[in-house]
Amino acid sequence: MPVRKAPDASSTRADAILAGVLAAVGCLMVALTDMTGLQFEGMPIWAPLLAALLLPAPLMWRRHFPVPAAIAQIVIYVGAGEAGALELYASQVALFMGFYSIGAWDPDRRRAFWSRVVISLLMAAWLAASAIRGFSDPETGERGVSAFFAFLMIQVVVNAAYFGGGWIFGDRAWRSAIEQERLAAAHAEIEAQQAQLAEQAVSLERLRIARELHDVVAHHVSAMGIQAGAARRVLATDQDKAADALRHVEASAREAITELRSLVVTLRSEDDGAAAAPDLEALPALVESAHASGQRVTLATIGEPRPVTPMVGLTAFRVVQEALTNARKHAGPVADVDVRVRFLPDELEVEVADDGHGSGAGQHGAGAGVLGMRERVAALGGSLEVGPRSRGGWLVRARIPAHGGRATPTDAIPEQSEEPSTARASAG
């Protein structure tokens with residue numbers, strides 16, 4: 001069961017002020033009533049003044065102990081009424097506040113219900129007893145029985161509205177407070193989620209930047225390293241080959257700088273960042289660059305080419321780029337590498353396979369590069385397969401939904417791929 005938040009010190013101070021104001025107003029009403037001579041005739045003035053002071057006093061604890069406070073008020077009210085020392089104005093407001101506070105503040109709703117039932121019945125019994133005594137008053141006969149019962153019905157209706165209003169408004173205050181606390185809790189939860197999403201967005205952006213930098217830098221730096229090594233080996237015997245290798249180093253450096261500049265512009269843009277990024281149309285240039293660095297690479301397209309979304313094209317390009325970089329580092333510069341792009345009915349598949357017969361160690365890395373490929377493909381709902389082939393070599397295959405939807409992962413890597421229908425670029 002929901003519980004209303006406990007009152008704080010400021011609420012207690014407000015209740016103390018309320019009790020003081022009602023006590024002051026009650027004393028003023030006693031003084032004014034005594035001046036009229038309609039009440040308290042023959043009674044010492046201190047008695048109604050004391051009642052006016054005592055009746056609002058329990059309201060100072062109406063939020064912390066609503067039922068005891070209301071009961072204390074009922075005792076004071078009935079006692080002052082029996083003694084004829086009850087002023088009839090501010091006392092009604094004080095009694096209403098006590099009855100109202102049970103519904104508004106008692107956390108035990110069952111106790112709040114039955115305590116108000118008991119208080120209502122006790123007050124009704126007291127009023128009935130007062131009515132019986134009034135009926136036996138000799139003045140009743142003078143006014144008439146009909147007049148007496150008319151006055152009695154007025155009292156019944158007024159008190160029913162009095163206690164009914166306190167009951168209804170008290171319950172409504174309780175429900176309103178519970179609803180406000182629920183809204184506050186929901187608001188706090190939303191703010192916490194927003195902060196968490198902001199942190200995740202920052203982390204994802206950092207991961208995106210790191211992934212892009214790895215793909216760009218690793219590819220070109222590895223190519224420059226191979227060409228620089230080749231230039232060093234033939235520098236003394238064949239200066240023309242050394243110069244050609246150094247030209248490739250320079251070209252790779254320029255391409256790296258161009259891609260890094262494009263990456264910076266892309267990361268600063270407000271869109272998805274794919275508009276200025278490489279896509280499938282850049283694969284022939286990538287293969288040509290790999291061929292220029294000494295790799296033996298062929299590129300083939302299978303199926304009817306069709307447009308894909310920028311993110312799908314970028315992901316496919318980065319997978320091929322990273323796979324060629326790994327092949328260059330681990331399969332060796334003279335290994336045969338096949339790059340195939342398949343346009344399936346609902347998917348785009350890119351495959352990079354090497355024969356593993358080069359001078360490399362034969363073990364492809366599974367660090368940031370492979371992890372970056374997996375994250376890229378998974379972000380678009382695709383699947384990535386990376387592993388050795390039984391007949392030697394290494395295979396990287398990515399299947400991506402053509403429009404970035406969910407794809408069904410492929411469970412195994414087949415040993416033989418179908419023959420390409422169209423060759424887009426090749427290197428001997």
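The values are calculated or read from the model by the stated rules, or taken from the named source; none is laboratory data. Model, not experiment: these values are computed from the prediction. Note that each Cβ is placed from the backbone with ideal geometry, even for glycine, and that neighbours are counted across all protein chains shown. Each accessible area value is taken on the protein alone, full model and side chains, heavy atoms only, with ligands, DNA and RNA left out. Shrake-Rupley method; radii C 1.70, N 1.55, O 1.52, S 1.80 Å.
For the set M153, M43, the ranking by accessible area, highest first and with no ligand, DNA or RNA atoms included, is M153, M43 under a 1.4 Å probe. Backbone amide hydrogens, once placed in the peptide plane, bring L299 within less than 5 Å of V339, R424, A425, S426, A427, excluding anything fewer than 5 places away on its chain. Comparing Cα centroids, segment 147-192 and segment 98-137 end up 16 angstrom apart.
Within the assembled protein chains, the solvent-accessible surface assigned to H291 is about 70 Å², based on a 1.4 Å probe. Computed from phi, the 3J(HN,Hα) profile of segment 50-57 under the Karplus parametrisation 6.51, -1.76, 1.60 (θ = phi - 60°) reads 5, 4, 5, 7, 6, 4, x, 4 Hz, with x in place of Gly and Pro.
As an exercise, use a Förster radius of 22 Å and the Cβ-Cβ distance of R172 and Q92 to find the FRET efficiency, rounded to the nearest 0.05. Using R0 = 22 Å, I get an efficiency of 0.60. The order of R116, R182 by accessible area, most exposed first and with a 1.4 Å probe, is R182, R116. Would you mind computing, in nm to one decimal, how far apart the modelled labels at L235 and L32 are, each placed 7 Å from Cα along Cα→Cβ? About 10.9 nm, to one decimal.
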